[in-house]
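Notes for the one structure printed next.
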């Protein structure tokens, strides 16, 4: 399986602060690759370098064989981005937001119209196509961002904490759509603070802490290597023993001494 993203010794600094500190990784075509870590770990900075909105200070970064920093325009046309912030045009309807985005890629109108209707069906927003953005719930807006990211039929989807701020029901609806994309063979890069999200969606993850990658592997592999099949906890003064399945949260806490969300 060939790599769609390859990074070697990647560094990003802001005013002397090293946000990403010499990391290396490869993302294979067709996999969901996750960056797991707390706020400030360097996850978002890394993916901003991948989609060419934040230039690297040093190191090598190639996307679909193109050089990030040189071939930025060509790389951006190959990507679909689901940003952490909600950045839809509130003056337009659901449908009009997608039409506007399709125009950036010079997609012929008949083809764009057909593609947009299919995407609205996919994210379960066809009934809301004439609604203005202000009339949508936060979960609906997130799903619309997924549809928008797919308009140009990208080679790589980048999802930056796509379920942050959502209630459990809305979060699971997003997971369903992302799982469906996985079944279709879509390559995805996901950043998240939620261990369950990484376990549910990712084939491979890197755990980031203070700008560095401290572990990499499949979620179940990392759990198995650090803890085996289960955790044994001793609680309270009576020293009662509890057994439970180990999780990525346990792995992260062991490696860094921090919880993912604090």
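The values are calculated or read from the model by the stated rules, or taken from the named source; none is laboratory data. Given the structure is predicted, the values throughout are model-derived calculations rather than measurements. Here the Cβ is made from the backbone with ideal geometry for all residues, glycine too, and neighbour counts use every protein chain on show.
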- Would the stretch 34-46 turn up any residue that is out of contact with any helix residue (DSSP H, G or I) (no Cβ under 7 Å at 6 or more places or on another chain) and over 22 Å from residue 198 (Cβ atoms)? no
- Query: Do the conditions hold for residue 225, that is, is it part of a helix (DSSP H, G or I), farther than 29 Å from residue 148 by Cα and in contact with a strand residue (DSSP E or B) (Cβ under 8 Å, 6 or more places away or on another chain)?
  - Reply: yes
- In the stretch 114-137, which residues are farther than 14 Å from residue 148 by Cα and surrounded by 14 or more Cβ atoms within 10 Å (Cβ to Cβ)? 128, 131, 132, 136
- Message: Taking the conditions exactly as written (buried (at least 16 other Cβ atoms within 10 Å of the Cβ), touching a helix residue (DSSP H, G or I) at 6+ places or on another chain (Cβ under 8 Å) and not in a loop (DSSP other than H, G, I, E, B)), does residue 166 satisfy them or not?
- Response: no
- Task: Answer with yes or no whether residue 53 is in contact with a helix residue (DSSP H, G or I) (Cβ under 8 Å, 6 or more places away or on another chain) and within 19 Å of residue 191 (Cβ to Cβ).
- Result: no
- Among 118, 124, 196, which is the only one that is free of Cβ contacts under 8 Å to residues at least 60 places away in the same chain, more than 23 Å from residue 64 (Cβ to Cβ) and in a loop (DSSP other than H, G, I, E, B)? 124
- Item | Candidates 156, 181, filtered to the one that is under 17 Å from residue 81 (Cα atoms), buried (at least 20 other Cβ atoms within 10 Å of the Cβ), at pLDDT 95 or above and touching a helix residue (DSSP H, G or I) at 6+ places or on another chain (Cβ under 9 Å) | 156
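For every residue, the table says whether it meets (1) in contact (Cβ under 8 Å) with a residue 40 or more places away in the chain; (2) outside any helix (DSSP H, G or I); (3) surrounded by 16 or more Cβ atoms within 10 Å (Cβ to Cβ); (4) touching a helix residue (DSSP H, G or I) at 6+ places or on another chain (Cβ under 6 Å).
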position	(1), (2), (3), (4)
89	yes, yes, no, yes
112	no, no, yes, yes
146	yes, no, yes, yes
149	yes, no, yes, no
- Could you list all residues from the stretch 61-70 that are closer than 17 Å to residue 26 by Cβ and either part of a strand (DSSP E or B) or without any contact (Cβ under 8 Å) to a residue 12 or more places away in the chain (or both)? 61, 62, 63, 65, 66, 67
- Within the stretch 10-60, tally of residues that are in contact (Cβ under 8 Å) with a residue 60 or more places away in the chain, more than 13 Å from residue 211 (Cα to Cα) and assigned to a strand (DSSP E or B): 6
- Tally time: how many residues in the stretch 97-110 are in a helix (DSSP H, G or I) and either over 24 Å from residue 178 (Cα atoms) or more than 25 Å from the chain's Cα centre (by Cα) (or both)? 3
- Select from the stretch 127-139 the residues that are in a helix (DSSP H, G or I), within 16 Å of residue 96 (Cβ to Cβ) and either touching a strand residue (DSSP E or B) at 6+ places or on another chain (Cβ under 8 Å) or touching a residue at least 40 places away in the same chain (Cβ under 8 Å) (or both) and list them in ascending order. 133, 134
